[in-house]
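Here is the structure we will look at, set down as structure tokens.
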């Protein structure tokens, strides 16, 4: 294990400047020009890394950046897009606040994940020239990674280890398991009729939808961590018309692949409580669950030892309901998630990072990269 990194005032100031530059370069999902500006800033900062290679590609009109050295090393995974629209910086400006627990820095996208990207750059700076790595920065994680998923999965297949720069949990805990995310649409077709003159000749899609919603709630399994949420409902035309159509928007979260398959197969053959209506569910899981396995558990054990040696504290692991690109990579390679900045308020107006975790987090990333890279030289 390397000696403790002397994160002096000059280095702290330089890193803080880089993070601020990235935050001020607002980059909402879908804005390819602004996302590329963020990536270009990372390329500039990576110039100090010996033998680094820079590769660009475009998928679906969106840029993907790859900074790499050597082959078959660990994969560092980050995204340059945020949930914040252009101009948010005016009402949610960069600001620093000294608290009893240390320095907090606020700004749109700083936690998710502009600070994590900067920390990834500083981590690869700590590596010897013979350590391979692949640092992939994608443009669309916040909107499902439709353009970048195939590239992510391709790189994960060749990776010794995947480190995801999403934000950490309170106290620095990593995200060792994530729920899979299903996005389904229920379509209920009824038979329209006049609600006063011919009510018995109709078949209400709204009445059927009410039964369907109650049935959908029975698919949840809180013991196994499966949740089902009907988040939107739309349908009908007028109060004096028996409704002929209803659409349901449904979010499903699962913690195991078994539950994912159960939900998919169940929704493929739904019941119809009123036989005069037709019911169909479309959609599927856009991210599979990120489940622990023996390989990822061994790497987490190693991360705990590094963290304990560096900080004197215990590193915990946490299961979370949200998803990330780590859901894709965990199928192909051992994956540790939540290695980015630590703070609170992702996607919220109080989004901020806690500066005290920045140095040990960079050291943790660097040590894991060094260990994984050394095994595949």
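The numbers here are math on the coordinates, done by the rules we state, and not lab data. Quantities reported herein were computed from a predicted structural model and do not represent experimental measurements. Positions of Cβ are generated from backbone atoms using ideal geometry, with glycine treated the same way; all protein chains shown enter the neighbour counts.
Odds and ends about this structure:
- Note on 135, 285: ascending count of other Cβ atoms within 10 Å places them as 285, 135, the fewest first.
- Contour minus Cα-Cα distance for residue 157 and residue 90 (0.36 nm per residue): 20.0 nm
- Rounded, prolate or oblate (a/c below 1.5 giving rounded, otherwise prolate when a/b exceeds b/c) for segment 180-287 by Cα gyration tensor: prolate
- In percent, rounded to a whole number, the relative contact order of the chain is 24, using alpha-carbon pairs under 8 Å and six or more apart.
- For segment 180-287: relative contact order, % (alpha-carbon pairs under 8 angstrom, 6 or more apart): 43
- Cα-based helix-to-principal-axis angle, 9-24 vs the chain, degrees rounded to 10: 30
- Folded to 0 to 90 degrees: helix 205-217 orientation relative to the chain principal axis, Cα: 40
- Per-residue Cβ neighbour counts within 10 Å put 253, 278 in the sequence 278, 253, beginning with the fewest.
- Order of 9, 291, 351 under a 10 Å beta carbon neighbour criterion, fewest first: 9, 291, 351
- Prolate/oblate/rounded label for segment 60-104 (Cα gyration tensor, a/c 1.5): oblate
- Look at the alpha carbon pairs under 8 Å that are at least 6 residues apart: their mean separation over the length of segment 50-108 gives a relative contact order of 20 percent.
- The slack in the chain from residue 238 to residue 223, taken as 0.36 nm per residue of separation less the alpha-carbon distance, amounts to 1.3 nm.
- In plain terms, the C-alpha convex hull of segment 90-133 casts an average shadow of 4.5 nm² when viewed from every direction.
- Rounded to 5, percent antiparallel among DSSP beta bridges of the chain: 75
- Here segment 331-377 and segment 157-213 have alpha carbon centers that stand 31 Å from each other.
- Rounded if a/c under 1.5, otherwise prolate or oblate - segment 287-377, Cα gyration tensor axes: oblate
- The C-alpha atoms of the chain define a longest principal axis, and helix 294-311 lies at about 50 degrees to it.
- Read-out Rg and Dmax of the Cα atoms in Å, derived from the coordinates shown; its label in (i) 20.4, 69; (ii) 23.8, 84; (iii) 23.5, 73: (ii)
- Percent antiparallel among DSSP beta bridges (both partners in segment 1-153, rounded to 5): 75
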